[in-house]
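Bear in mind these aren't lab numbers, they're just calculated from the coordinates by the rules spelled out. The shown structure was predicted, so the numbers you read here are calculated from the model rather than taken from an experiment. Note: ideal-geometry Cβ built from the backbone for every residue, glycine included; neighbour counts use all protein chains shown.
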Amino acid sequence: MSFVIFIVLGSLIGLGLGVASRRFAVEGDPLVDEIEALLPGGQCGQCGKAGCRQAAEAMVSGDMGVDGCPPASSAFRLAAAKVLGISASGGGEDVIWLARVDESHCSGCTRCFKACPYDAIVGATKQVHTVVSDVCTGCRVCADTCPQGCIEVYSPQLAANRWFWPKPIEARG
Ligand code: SF4
Ligand code: SF4
Ligand code: SF4
């Protein structure tokens, strides 16, 4: 008998929760969702916000320009400005920033490897770490983490082997 009561009670509570979740559901801002989807997603905090969601909210509310995310490219700025119906600020040529490790001082502590939000560092415990420049966004998180101070973030000179076509901007209806 008590088994039946538990089943009935459980069903009623489940039904009540289902109705409440639909009735009191908080709709997300679709503009924030769109901007967040365009951001690099590194959650690195270089924009001064706790993460990309908060940065997207600030961009939508106007507290932050579309140039507020250092790792994002000019393609992001143009796409975000289009979504928000504003003119892109901070446009122009992208300055590329990359991290590099001074291998002679790397202790292999793995802190940079664990901290990099873009998985752009390879290495193993007590082994020299290195940066995969194709993936690095220059966000500086690793440099702030390294206890040896042996990570430098620099702007490489533009050369033929470092130039890429800008990433395409997703077509929007
Ligand atoms: S700087 Fe860009 S990638 Fe990093 S948390 Fe802010 S919005 Fe996200
Ligand atoms: S700057 Fe450092 S933390 Fe940022 S993406 Fe490059 S390697 Fe990773
Ligand atoms: S944080 Fe610095 S010392 Fe530690 S593995 Fe990375 S580069 Fe080497």
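Phi angles across region 43-55 convert, under the Karplus curve 6.51 cos²θ - 1.76 cosθ + 1.60 with θ = phi - 60°, into 3J(HN,Hα) values of 6, 8, x, 5, 7, x, 9, 5, x, 5, 4, 5, 5 Hz, Gly and Pro given as x. Extension gain, Val128 to Ser87: 0.36 nm times the residue separation minus the Cα-Cα distance gives 10.3 nm.
In this rough spin-label picture, where each label sits 7 Å from Cα along the Cβ direction, the Ala115-Ala50 distance is 2.1 nm. Working from label points 7 Å from Cα in the Cα-to-Cβ sense, the Gln157 to Leu12 distance is 7.9 nm. Counting charges near Thr125 (Lys, Arg +1; Asp, Glu -1) among other residues having Cβ under 15 Å from its Cβ returns a value of +3.
Gly41's amide H: which non-local residues (gap 5+, or another chain) put their own amide H closer than 5 Å, with H modeled 1.01 Å from N in plane and none for Pro or chain starts? Excluding prolines and chain starts, which carry no amide H, there are no hits.
Computed FRET efficiency, Cβ-Cβ of Ala75 and Arg100, R0 25 Å: what is it to the nearest 0.05?
Calculated transfer efficiency: 0.55.
What is the sum of charges, Lys and Arg at +1 and Asp and Glu at -1, for the other residues whose Cβ falls under 14 Å from the Cβ of Ile151? Charge balance near Ile151 sits at 0.
Taking amide hydrogens as placed 1.01 Å from N in the peptide plane, the amide H of Ile121 sits under 5 Å from those of Val132, each at least 5 positions away in sequence or on another chain. For region 141-155, the Karplus equation 6.51 cos²θ - 1.76 cosθ + 1.60, evaluated at θ = phi - 60°, returns couplings of 4, 5, 5, 6, 8, 5, x, 8, x, 9, 10, 10, 10, 9, 9 Hz by residue, with Gly and Pro reported as x.
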